[in-house]
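Visitor: The structure is given below, and queries will be raised subsequently.
The values are calculated or read from the model by the stated rules, or taken from the named source; none is laboratory data. These figures come from a predicted structure and were not determined experimentally. Glycine gets a Cβ as well: all are built from the backbone with ideal geometry, and neighbour counts include every protein chain shown. The area values use the complete protein model at the heavy-atom level, side chains included, leaving out ligands, DNA and RNA. Shrake-Rupley method; radii C 1.70, N 1.55, O 1.52, S 1.80 Å.
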Amino acid sequence: MPDSLRPATRRIAMWSGPRNLSSALMRSFSARADCAVRDEPFYAAYLAATDRPHPMAAETIAAGETDPARVAHACATEERGVPVLYQKHMTHHMLPGMDLGWTAALTNAFLIRAPEAVLASYSVKHEAVDQQDIGFEKQAELFAREADRLGHAPVVVDAEDILRDPAAMLPALCAALDIPWDAAMLSWPEGPHPDDGIWAAHWYGSLWSSTGFAPWSPRPLPVLGAAEARLAEAARPHYERLHAHRIRP
């Protein structure tokens, strides 16, 4: 895009479900000198509307904005004084009836991960899980909506591809998003970040102890219990639909 046509701030909405490497990718973007991040801005509104039994739900609602219209306006207009604003969004936070018109003001991209890996990780931190919690169906719906708006598939990146070769995949992702590559994305300081959501104390333990993407080693998909296996089977067609469009280095 010609510089004269670029918005003052490039707002990137990265849509994923939970346990998709989403927090590590947010931390990678936060390491850029030209980037600010937003961590799950609709989480408080989602919890207030659904009363889902999530860890630290009361604290999240108390600390966040619960009016989805106000959240949407902020996501579409916030500047933060930097060229890039990266927003980490959970697909399942977009409830039926929520207006999605604000997403047209952003570059929408999709972070995917095999459902078996998602469920194995999610169930460690949250015992009760259903199809709504992991967000695959909503992710496919949002992907199709954005593809219709653009006339072509939006950016899709697979978490496993990033883990396998971050030094190749992150530049490819930046190119697909039409932003400059910054090698600072390959590492970050250990510990909390000022832009982490209040729920980070429950969910981000491994992220806080990291300083970059862990070295990759080949591993089979995890063996799941019967209930989780059924959820993975139902989610897989949605995952595979997006996986067909994933970027490659």
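Visitor: Could you identify the single residue in Ala153, Ala144 that is open to solvent by 30 Å² or more (accessible area, probe 1.4 Å) and in contact (Cβ under 8 Å) with a residue 24 or more places away in the chain?
Guide: Ala153
Visitor: Name the pairs whose Cβ atoms lie under 6 Å apart, with the first residue in segment 24-40 and closer than 15 Å to Ala183 by Cβ, the second small (Gly, Ala, Ser), and 6 or more positions between them or separate chains?
Guide: Ala31/Ala184; Arg32/Ala184
Visitor: Okay, next question. Any chance segment 131-139 includes a residue that's assigned to a helix (DSSP H, G or I), of a type in the set (Val, Ile, Thr) and touching a Leu at 6+ places or on another chain (Cβ under 7 Å)?
Guide: Yes, that holds for at least one residue.
Visitor: Is one or more of the residues making up segment 92-108 over 18 Å from Gln139 (Cα atoms) and either among the acidic types (Asp, Glu) or within 14 Å of the chain's Cα centre (by Cα) (or both)?
Guide: no
Visitor: Same structure again: Any residue in segment 45-62 that is of a type in the set (Lys, Arg) and modelled with pLDDT of 95 or more?
Guide: No, there is no match, as no residue in segment 45-62 is of a type in the set (Lys, Arg) and modelled with pLDDT of 95 or more.
Visitor: Based on this model, can you work out whether Leu163 counts as in contact with an Asp or Glu (Cβ under 6 Å, 6 or more places away or on another chain) and aliphatic (A, V, I, L, M)?
Guide: For Leu163, the condition - in contact with an Asp or Glu (Cβ under 6 Å, 6 or more places away or on another chain) and aliphatic (A, V, I, L, M) - is not met.
Visitor: Additional query: Of Ala48, Ala105, which residue is in contact with a Cys (Cβ under 9 Å, 6 or more places away or on another chain) and aliphatic (A, V, I, L, M)?
Guide: Result of the check over Ala48, Ala105: Ala105.
Visitor: Okay, moving on. Look at Val71 and say whether it is in contact with a Lys or Arg (Cβ under 8 Å, 6 or more places away or on another chain) and either free of Cβ contacts under 8 Å to residues at least 24 places away in the same chain or open to solvent by less than 10 Å² (accessible area, probe 1.4 Å) (or both).
Guide: So Val71 fails the test.
Visitor: Tally the residues that are of a type in the set (A, V, I, L, M, F, W, C) and closer than 26 Å to Arg32 by Cα, restricting the search to segment 200-242.
Guide: 8
Visitor: Among the residues of segment 21-32, which ones are within 15 Å of Pro194 (Cα to Cα) and of a type in the set (A, V, I, L, M, F, W, C)?
Guide: Within segment 21-32, Ala24, Met26, Phe29, Ala31 qualify.
Visitor: Check every one of the helices (runs of 4 or more DSSP H) wholly within segment 7-66 and list those with 2 or more residues that are over 16 Å from Gln132 (Cβ atoms) and open to solvent by less than 10 Å² (accessible area, probe 1.4 Å).
Guide: Correct list: 22-30.
Visitor: Quick one: which residue in Glu233, Glu160, Glu190, Glu240 is farther than 24 Å from Arg10 by Cβ, among the charged types (D, E, K, R) and surrounded by fewer than 12 Cβ atoms within 10 Å (Cβ to Cβ)?
Guide: None of the other options fit; the residue is Glu190.
Visitor: May I ask you to list pairs of residues, at least six apart or on different chains, whose Cβ atoms are under 7 Å apart, with the first in segment 216-227 being at negative phi and open to solvent by less than 100 Å² (accessible area, probe 1.4 Å) and the second being of a type outside the set (A, V, I, L, M, F, W, C) and outside any loop (DSSP other than H, G, I, E, B)?
Guide: From residues that are at negative phi and open to solvent by less than 100 Å² (accessible area, probe 1.4 Å), the pairs are Trp216/Arg164; Leu221/Glu116; Pro222/Glu116; Leu224/Glu116.
Visitor: Take segment 74-84 and flag every residue that is part of a helix (DSSP H, G or I) and either touching a Lys or Arg at 6+ places or on another chain (Cβ under 6 Å) or open to solvent by 60 Å² or more (accessible area, probe 1.4 Å) (or both).
Guide: Thr77
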